[in-house]
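The values are calculated or read from the model by the stated rules, or taken from the named source; none is laboratory data. Only a predicted model underlies this, so the values are computations on that prediction, with no experimental measurement involved. Quick reminder, even Gly has a Cβ in these numbers, built from the backbone with ideal geometry, and neighbours come from all protein chains shown.
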Ligand SMILES: [Zn+2]
């Protein structure tokens with residue numbers, strides 16, 4: 001561990017940072033946070049959405065803070081050590097023992113106590129581009145997903161709030177489509193993962209202008225598929241939908257609570273209902289939930305009233321075993337380990353489109369979607385994952401009430 005009086009400062013700082021990165025990669029954490037406080041520096045890891053102080057890294061002497069930050073910047077090869085008053089981004093690649101080369105994304109931000117750094121271990125992103133894994137290896141979800149992204153034109157949207165996994169799912173869809181010999185351009189803010197067989201464009205500041213310029217240019221380049229990381233305003237929304245109408249496939253994420261709400265969100269942005277109805281084909285929505293630790297989960301006995309309250313039928317209650325969390329060494333006594341995406345899928349039917357164009361409200365559209373059998377809801381998926389022993393009743397409740 002570091003103490004304030006270092007004999008061989010450079011060497012010890014180098015070793016400290018090396019050890020920190022190695023520990024983070026080995027412990028499969030997603031983020032490493034180096035946070036300056038008033039009198040000390042705090043290192044925290046983030047795993048399964050929970051921040052914690054790794055053993056042996058509590059309260060680093062503040063006098064060493066700038067050396068640690070400098071060392072990390074040096075490793076990126078691009079970040080400026082002489083700048084500490086404005087945010088910087090960088091990447092670093094580090095060889096970690098037998099694991100081999102590991103990529104980390106690095107970001108700094110100036111705080112009142114000095115520069116704070118967050119490093120994301122790209123390898124430890126539990127989802128990355130593997131759609132089967134993201135969809136929890138669920139055959140129904142995988143089949144529905146693959147069938148609907150196998151299209152030559154129109155628009156596919158990925159909805160959810162911030163931190164819902166929507167961008168991850170969108171990227172995985174692009175990755176799946178890119179297995180075919182197609183011209184695919186992505187416009188991302190920022191590019192987080194390299195997707196093979198695609199041309200990835202990163203937009204930076206002045207989002208609106210550059211994003212649209214890039215999209216307009218892409219449209220002239222004979223593309224088959226365009227992926228725009230997020231629809232944030234009317235201009236980009238319009239661009240995406242026009243693209244889908246012109247004969248190629250457009251994929252994008254949009255920040256909304258669920259799939260049906262996405263249609264109305266586009267209207268709020270100023271998109272005409274007929275344009276939405278004639279281009280949007282498929283909407284996937286998602287939210288992350290704590291997954292039961294598969295090592296220590298145990299059978300749970302719930303009352304029939306409790307189970308019926310979340311929407312289970314008497315038959316389902318009789319036929320399934322339910323589980324709850326317990327806590328063990330593998331999950332740090334949390335009872336949960338990892339997170340999984342609760343998924344919603346909506347295929348737009350003709351009846352739905354007609355109702356939407358004719359001014360139908362959320363309730364009406366939802367009713368039609370369910371009647372047409374094209375709407376698999378977050379509640380449906382939460383119940384399926386509850387019955388499958390992946391989540392507990394408490395978590396399932398968040399999606400069904
Ligand atoms: Zn456990």
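Restricting attention to the stretch 335-355, which residues are near the ligand (Cβ under 7 Å from one of its atoms) and out of contact with any helix residue (DSSP H, G or I) (no Cβ under 6 Å at 6 or more places or on another chain)?
335
What about residue 322, is it farther than 22 Å from residue 263 by Cβ and under 24 Å from the mean Cα position of the chain (by Cα)?
no
Among the candidates 245, 275, single out the residue that is surrounded by fewer than 22 Cβ atoms within 10 Å (Cβ to Cβ), touching a helix residue (DSSP H, G or I) at 6+ places or on another chain (Cβ under 9 Å), outside the structural domain of residue 52 (by TED's automatic domain parsing) and at pLDDT below 95.
None of the other options fit; the residue is 245.
Filter the stretch 353-373 for residues that are crowded, with 18+ Cβ neighbours inside 10 Å and in contact (Cβ under 8 Å) with a residue 24 or more places away in the chain and give the result.
Result: 353, 356, 365, 366, 369.
Does residue 69 satisfy being at pLDDT 95 or above, closer than 25 Å to residue 191 by Cα and not assigned by TED's automatic domain parsing to the domain that holds residue 191?
When the stated conditions are applied, residue 69 passes them.
State which residue is surrounded by the fewest Cβ atoms within 10 Å (Cβ to Cβ) when the search covers only the stretch 1-56 and only residues that are assigned to a helix (DSSP H, G or I) and touching a strand residue (DSSP E or B) at 6+ places or on another chain (Cβ under 6 Å).
Across the stretch 1-56, the extreme among qualifying residues is 22.
Hey, can you tell me all the residues within the stretch 249-268 that are surrounded by fewer than 20 Cβ atoms within 10 Å (Cβ to Cβ) and within 29 Å of residue 183 (Cα to Cα)?
255
Report whether or not residue 275 is free of Cβ contacts under 8 Å to residues at least 60 places away in the same chain and assigned to a helix (DSSP H, G or I).
It is true that residue 275 is free of Cβ contacts under 8 Å to residues at least 60 places away in the same chain and assigned to a helix (DSSP H, G or I).
Give just the number: which of (1) surrounded by 14 or more Cβ atoms within 10 Å (Cβ to Cβ); (2) within 16 Å of the ligand (Cβ to nearest atom); (3) modelled with pLDDT under 95 does residue 302 not satisfy?
(2)
Answer with yes or no whether residue 292 is within 16 Å of the ligand (Cβ to nearest atom), crowded, with 18+ Cβ neighbours inside 10 Å and over 30 Å from residue 266 (Cβ atoms).
Considered against the rule, which asks whether it is within 16 Å of the ligand (Cβ to nearest atom), crowded, with 18+ Cβ neighbours inside 10 Å and over 30 Å from residue 266 (Cβ atoms), residue 292 comes out as yes.
Scan 320, 362 and give me the residue that is farther than 18 Å from residue 159 by Cβ, touching a helix residue (DSSP H, G or I) at 6+ places or on another chain (Cβ under 7 Å) and more than 16 Å from the ligand (Cβ to nearest atom).
320
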